[in-house]
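Participant: Mind looking over this structure? Questions follow.
All of the numbers you see were taken from the coordinates with simple rules; none came from a lab. None of these values were measured; they are calculated from a predicted model. Positions of Cβ are generated from backbone atoms using ideal geometry, with glycine treated the same way; all protein chains shown enter the neighbour counts.
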Amino acid sequence: MIEFKNINKIYGKNICALKNISFRIERGEFVTIVGPSGAGKSTLIRLLICDERPTSGEIYVAGREITHLSWRELPFYRRKIGVIFQDFKLLPQKTVVENVAFALEVSDTSPGEIARKVPLILDLVGLSNRMNNKPDELSGGEKQRVSIARALVHTPKILIADEPTGNLDPLSTWEIIELLFKINKRGTTVILATHDKEIVDTLNKRVVTIKNGQLISDQEKGKYIL
């Protein structure tokens with residue numbers, strides 16, 4: 001479903017963020033991408049969501065090469081991919097239901113469709129009883145659940161979680177990981193980028209390890225080896 005082929009990313013004249021990265025992710029997989037801060041994990045994700053383009057190489061998603069998508073094509077492509085960040089990126093003046101609905105409103109979804117989809121998504125992430133609260137009334141784990149709900153409203157084929165538990169306490173961390181598992185079991189391909197050794201070792205899922213911009217290990221059921 002996703003294939004990175006000989007990807008290089010160089011910033012400026014000689015800062016090599018990624019060097020000759022090649023690997024595949026199949027439909028429905030749960031893949032953890034690990035490495036220390038600055039290893040290249042976030043760069044890889046920015047390339048996948050077309051926030052940046054590689055210096056060289058190709059990226060295929062569902063058989064389509066995405067590195068040369070036009071600006072007109074990008075919104076349609078990005079709706080197929082849900083992205084969760086460490087810092088939630090919620091709109092503070094909007095309630096939970098309004099934050100999730102906003103992701104549909106900006107893509108011209110009909111009010112009827114929004115009214116149908118949003119409660120279903122909030123039920124999936126366990127926030128049906130918090131839909132009228134604003135972000136400052138939520139715990140860190142609840143805020144991340146809102147972010148996940150917003151990422152899921154377009155029913156994406158791929159969900160990318162970039163250090164989603166970095167700001168959470170241990171209990172909330174595992175609640176979010178369990179939710180990602182639940183989403184994966186429904187058929188969504190999940191890519192989790194993290195440097196949390198405990199999470200990686202406990203998951204016992206496929207682990208792609210990046211260090212100094214290079215892929216140094218790809219384990220089918222792996223541990224954090226750095």
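Participant: To the nearest 20 Debye, how big is the dipole of the stretch 89-154 about its Cα centre, given +1 on the beta carbon of each Lys and Arg and -1 on that of each Asp and Glu?
Facilitator: Dipole size: approximately 140 debye.
Participant: Given springs between every Cα pair under 10 Å in a Gaussian network model of the chain, which of 191, 33, 15 has the largest fluctuation?
Facilitator: With Cα springs under 10 Å in the chain, the top fluctuation among 191, 33, 15 is at 15.
Participant: Oh, and also: Counting only C-alpha contacts under 8 Å and six or more residues apart, can you give the relative contact order of the stretch 165-226 as a whole percent?
Facilitator: It comes to 22 percent, rounded to a whole number.
Participant: Also, I was wondering about something else. Which of rounded, prolate or oblate describes the stretch 89-154 when judged by the alpha-carbon gyration tensor and an a/c cut-off of 1.5? Don't jump to the answer; show the numbers that get you there.
Facilitator: Working: a/c = 1.83, a/b = 1.49, b/c = 1.23.
In terms of gyration-tensor shape, prolate.
Participant: How large is the dipole of the stretch 151-226 about the Cα centre if only Lys and Arg carry +1 and Asp and Glu carry -1, each at its Cβ, rounded to the nearest 20 debye?
Facilitator: On the way: 10 positive and 10 negative charges, 80 e Å.
It comes to approximately 380 debye.
Participant: If you compute Cα extents along the principal axes in Å for the structure shown, which of [x] 63, 41, 32; [y] 48, 41, 32; [z] 58, 42, 31 do you land on?
Facilitator: [y]
Participant: Can you flag which of 94/143; 143/221; 134/197; 89/143; 157/205 are past 21 Å Cα-Cα? Don't skip to the answer; put the middle values down first.
Facilitator: Working: 94/143 12 Å; 143/221 30 Å; 134/197 32 Å; 89/143 9 Å; 157/205 19 Å.
Too far apart for the 21 Å limit: 143/221; 134/197.
Participant: Still on this structure, please answer the following. Calculated from DSSP H runs of 4 or more alone, at -39500 (n - 2.57) each and per residue, what is the 222 nm mean residue ellipticity of the chain, nearest 500?
Facilitator: -9500 deg cm²/dmol
Participant: Here is a further query. Using Cα pairs closer than 8 Å and at least 6 residues apart in sequence, work out the relative contact order for the chain, in percent.
Facilitator: Normalised by residue count, the contact order of the chain is 28 percent.
Participant: How much net charge surrounds residue 220 when only the other residues with a Cβ under 11 Å from the Cβ of residue 220 are counted, with Lys and Arg +1 and Asp and Glu -1?
Facilitator: Combined, the nearby Lys, Arg, Asp and Glu give +1.
Participant: Continuing with the same structure: In nm, what is the difference between 0.36 nm times the number of residues separating residue 132 and residue 16 and their Cα-Cα distance?
Facilitator: Here the answer is 37.2 nm.
Participant: Additional query: How much net charge surrounds residue 24 when only the other residues with a Cβ under 10 Å from the Cβ of residue 24 are counted, with Lys and Arg +1 and Asp and Glu -1?
Facilitator: Surrounding charge for residue 24 is -3.
Participant: What percent do you get for the relative contact order of the stretch 89-154 when only Cα pairs under 8 Å and 6+ apart count?
Facilitator: Worked out over the stretch 89-154, it gives 51 percent.
Participant: Lys/Arg Cβ at +1, Asp/Glu Cβ at -1, dipole of the chain taken about the Cα centre: which of 109, 133, 40 is farthest positive-ward?
Facilitator: Result: 40.
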